[in-house]
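One structure below.
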Amino acid sequence: GTGDLESSTTQLPCEQFPALSDIEICRHVFIQRIPGIDVSADKAKGLEQLHAAHSEIRSALGIGDWPLFTAAQVHGNEIAVIDSCSRGPAGRESPGCDGIITNQCSAALGIYVADCCAVYIVDPKTPAIGLVHSGCKGTELGVVTKAISQMVDRFGSDPANMIVQLSPCIRPPHYEIDFAAEIIRQCRAFGVQQTHDFGICTACDLHRYYSYRAEKGKTGRMLAVIGLDPTIAN
């Protein structure tokens with residue numbers, strides 16, 4: 001369908017995860033390092049430089065015209081809920097939040113990472129989705145399970161039906177703490193039966209990924225995106 005990036009003629013610097021590609025109700029992508037763009041300035045400038053490439057990949061996925069909702073990402077555990085009454089045409093950034101959940105179709109959720117983990121949560125039954133920024137601090141604060149519990153409270157989701165997918169992130173020995181393993185442990189303890197993690201370390205592959213630690217803060221951001229597909233979900 002329109003959401004199939006693999007059939008796109010250009011080799012775009014992005015990846016999709018088999019566990020999520022198998023779910024027909026959602027579209028997702030993880031946008032990797034964009035070659036040829038200088039991102040050594042500050043974060044805001046870097047994101048500005050990456051905007052055009054990120055937009056092109058979202059368009060290739062068929063979600064270029066969906067509003068993109070992002071989180072301010074403060075390494076906390078607050079979750080923003082995107083429901084019908086709070087949607088703006090262009091999307092928006094939720095201040096003070098590190099996760100976003102929605103049951104709305106044609107709304108794209110976005111999280112920027114460069115070593116921290118972007119955690120995709122899909123409940124295909126309700127349906128509802130979440131996307132969470134979880135690094136060392138956020139994982140300590142249980143930000144992913146907080147998003148899951150909000151999906152239960154707001155949308156009536158059941159953790160047993162959920163699929164959780166971890167993005168590439170930094171791992172030992174490049175980082176002291178294996179927070180990816182802790183995210184998986186927390187999700188399982190919360191009743192999630194399907195958790196997926198390839199164990200890919202961002203600091204190990206600077207051709208494909210940005211790494212805040214390996215590049216000493218002078219780097220860009222990958223963009224994780226997910227959205228509920230209106231053609232299926234209705």
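One table, with the values for the structure above:
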quantity	calculated
Residues that are in contact (Cβ under 8 Å) with a residue 60 or more places away in the chain, open to solvent by 30 Å² or more (accessible area, probe 1.4 Å) and either out of contact with any strand residue (DSSP E or B) (no Cβ under 8 Å at 6 or more places or on another chain) or farther than 22 Å from residue 54 by Cα (or both), drawn from region 106-135	124
Selection within region 56-80 - of a type in the set (Gly, Ala, Ser), part of a helix (DSSP H, G or I) and touching a Leu at 6+ places or on another chain (Cβ under 9 Å)	60
Residue within region 29-39 that is closer than 25 Å to residue 136 by Cβ, at pLDDT 95 or above and of a type in the set (D, E, K, R) present	yes
Residues within region 205-234 that are of a type in the set (A, V, I, L, M, F, W, C) and surrounded by fewer than 16 Cβ atoms within 10 Å (Cβ to Cβ), tallied	1
Residue ID - least open to solvent (accessible area, probe 1.4 Å), chosen from residues in region 174-191 that are in a loop (DSSP other than H, G, I, E, B) and not β-branched (Val, Ile, Thr)	191
Single match in 194, 165, 150 (criterion: over 18 Å from residue 74 (Cα atoms), open to solvent by 50 Å² or more (accessible area, probe 1.4 Å) and within 18 Å of the chain's Cα centre (by Cα))	194
Within region 1-21, tally of residues that are outside any loop (DSSP other than H, G, I, E, B) and either at pLDDT 95 or above or surrounded by 11 or more Cβ atoms within 10 Å (Cβ to Cβ) (or both)	7
Given (1) under 24 Å from residue 43 (Cβ atoms); (2) modelled with pLDDT of 95 or more; (3) among the hydroxyl-bearing types (Ser, Thr, Tyr), index of the condition residue 94 fails	(2)
Any chance residue 103 is crowded, with 20+ Cβ neighbours inside 10 Å and over 21 Å from residue 169 (Cβ atoms)	yes
Subset of region 81-91 [part of a loop (DSSP other than H, G, I, E, B) and either at pLDDT 95 or above or under 18 Å from residue 224 (Cα atoms) (or both)]	90, 91
Counted residues, region 197-209 - those being under 17 Å from the mean Cα position of the chain (by Cα) and closer than 21 Å to residue 183 by Cα	7
Selection within region 22-55 - open to solvent by less than 30 Å² (accessible area, probe 1.4 Å) and part of a loop (DSSP other than H, G, I, E, B)	23, 25, 32, 34, 39
Every residue from region 141-158 that is within 25 Å of residue 96 (Cα to Cα), free of Cβ contacts under 8 Å to residues at least 40 places away in the same chain and either in a loop (DSSP other than H, G, I, E, B) or not hydrophobic (A, V, I, L, M, F, W, C) (or both)	153, 156, 157
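The values are calculated or read from the model by the stated rules, or taken from the named source; none is laboratory data. All values reported here derive from a predicted model rather than from experimental measurement. Ideal geometry is used to build each Cβ from the backbone, glycine not excepted, and the neighbour counts take in all protein chains shown. When the accessible area is computed, the model is the full protein with side chains, heavy atoms only, and any ligands, DNA or RNA have been set aside. Shrake-Rupley method; radii C 1.70, N 1.55, O 1.52, S 1.80 Å.
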